[in-house]
1. Only one of 269, 291 is out of contact with any Pro (no Cβ under 7 Å at 6 or more places or on another chain), at pLDDT 90 or above, β-branched (Val, Ile, Thr) and in a strand (DSSP E or B). Can you tell me which?
2. Could you say which residue among 144, 153 is closer than 21 Å to residue 54 by Cα, polar (S, T, N, Q) and open to solvent by less than 50 Å² (accessible area, probe 1.4 Å)?
3. Mind checking which residues of the range 59-74 are touching a Ser or Thr at 6+ places or on another chain (Cβ under 7 Å) and either within 18 Å of residue 116 (Cα to Cα) or hydroxyl-bearing (Ser, Thr, Tyr) (or both)?
4. If the Cβ limit is 6 Å and pairs must be 6+ apart or interchain, which residue in the range 180-191 that is within 21 Å of residue 44 (Cα to Cα) pairs with which residue that is among the hydrophobic types (A, V, I, L, M, F, W, C)?
5. Kindly evaluate residue 179 against the criterion of being within 22 Å of the chain's Cα centre (by Cα) and crowded, with 17+ Cβ neighbours inside 10 Å.
6. Could you give me the residue pairs with C-beta distances under 7 Å whose first residue belongs to the range 106-117 and is free of Cβ contacts under 8 Å to residues at least 60 places away in the same chain and of a type in the set (A, V, I, L, M, F, W, C), whose second residue is surrounded by fewer than 16 Cβ atoms within 10 Å (Cβ to Cβ) and not in a loop (DSSP other than H, G, I, E, B) wherever it lies, and which are 6+ apart or on separate chains?
7. How many residues does the range 282-316 contain that are over 11 Å from residue 361 (Cα atoms), touching a residue at least 24 places away in the same chain (Cβ under 8 Å) and not charged (D, E, K, R)?
8. Taking the stated definitions as given, is residue 139 open to solvent by less than 60 Å² (accessible area, probe 1.4 Å), at pLDDT below 90 and among the small types (Gly, Ala, Ser)?
Amino acid sequence: MISGGSTDGDSNRARKARSTRECLEVDGRKRDEPVISFGPDDLRGVYLPHNGALVIQARVANYDVLRVFVDNGSSVNVIFKEALIQTDLHEYQLEAVETALFGFAGHAVYPEGEIILPLTLGTGDLRKTLMTIFTIVDAPSSYNIILGRPAMNEMRAVASTYHQKIKLPVQGHVGEVKGDQPSSRKCYGETVRVDQKKTRKEGKEKEYQEGAKEGEVHFVAEEEQEMELSGISPQVAEHKLNILPGSRPVKQKKRHFGPEKDKVIEEQVGELLKAEHIREVKFPTWLSNVVLVPKSAGKWRMCVDFRDLNKTCPKDCYPLPRIVQLVDSTSGCELLSFLDAYQGYHQIPLALEDQDKASFITSGCTFCYVVMPFGLKNAGLRTNA
């Protein structure tokens, strides 16, 4: 929401005069314009579902300008100074502006002036060009231009954020401008990051000032700032075995290893206990043996022989999503969640009722997994969220 500016006059007297004139004037001209509507065909090429803003490309003077934000909540058309400097348009004659702009939070921003430039919307033969007043703002922004109500009303354009499109009458026909969803997501993400940094900075400055007044300025040690990721909440994702009804539990006979391998197993079990990936269990219904698999450089990896358990689990044929699509889908996101890739299987909790089924025996004790272990039949395909 941007209000203020010189749209309704650059002084109290001018605003009152304009308001009076609008009340008295009646436009009696007959307008023979086409009906503008949106339908299912307008959703072609639009990624759904989405909550993205409408960001388009427009032609201003002799320049094709990207990152043009269509904002029906803005009382002015804004062109940011940084974008203006990148062209030779800043050499045009500027008009002074005295009325400040006010954003959603009520902070005042004083424009550097106004400039009148030709604005073109549409494609091909269905294009419309009008001389448009832009308010110049010197402030950081992910956008180059904000098209507000003045430009949209003057163009008689109708915007649909859902359809990611603008439609406008052009010589008895309907022209259109399609939105750029990737740019919209990217701009939104950049804006959120800038605002978050600004908020944190202001918060730290306020905390420092308040502490300085009290004489107790607290500097946070690096150790206090560290945060530990302990895995995924079961409310987000949880792995279940889905054992076939009527399956008989299998307890494998304990295998014996030499002292050297027993030491390796003991060390790796200790690491799993420390990480709280396993727990001690007594009288399990299922029981499997551990297996040592040779790794490079003469090291060993401890695995569990879940073959008997896997025989009773139906095959989950749900395909893996394409990793390229998953990566591309994060483009422009304002927040990204991440996991420690080390022992990634262990980030997913195992359903409580299935934990004792994932039990294994060692020379020292019997344990069961509380997280999804490596080697389960469907562990690499899907988790039941």
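The values are calculated or read from the model by the stated rules, or taken from the named source; none is laboratory data. Computed from a predicted structure; not experimentally measured. FYI the Cβ positions are ideal-geometry reconstructions off the backbone, even for glycines, and counts take in every protein chain you see. Accessible surface areas use protein heavy atoms only, side chains included; no ligands, DNA or RNA. Shrake-Rupley method; radii C 1.70, N 1.55, O 1.52, S 1.80 Å.
1. Numbers: 269 fails: in a strand (DSSP E or B).
After ruling out the rest, the residue left standing is 291.
2. Values: 153 fails: open to solvent by less than 50 Å² (accessible area, probe 1.4 Å).
Just a single option satisfies the conditions, and that option is 144.
3. Going through the range 59-74, the residues touching a Ser or Thr at 6+ places or on another chain (Cβ under 7 Å) turn out to be 59, 63, 66-67.
Within the range 59-74, 59, 63 meet the criteria.
4. Listed by first residue and then by second, the contacts come to 180/55; 183/55; 184/53; 184/55.
5. Values: within 22 Å of the chain's Cα centre (by Cα): yes; crowded, with 17+ Cβ neighbours inside 10 Å: yes.
In short, yes.
6. 116/131
7. Looking only at that region, the number is 11.
8. Values: open to solvent by less than 60 Å² (accessible area, probe 1.4 Å): yes; at pLDDT below 90: yes; among the small types (Gly, Ala, Ser): yes.
Yes, satisfied.
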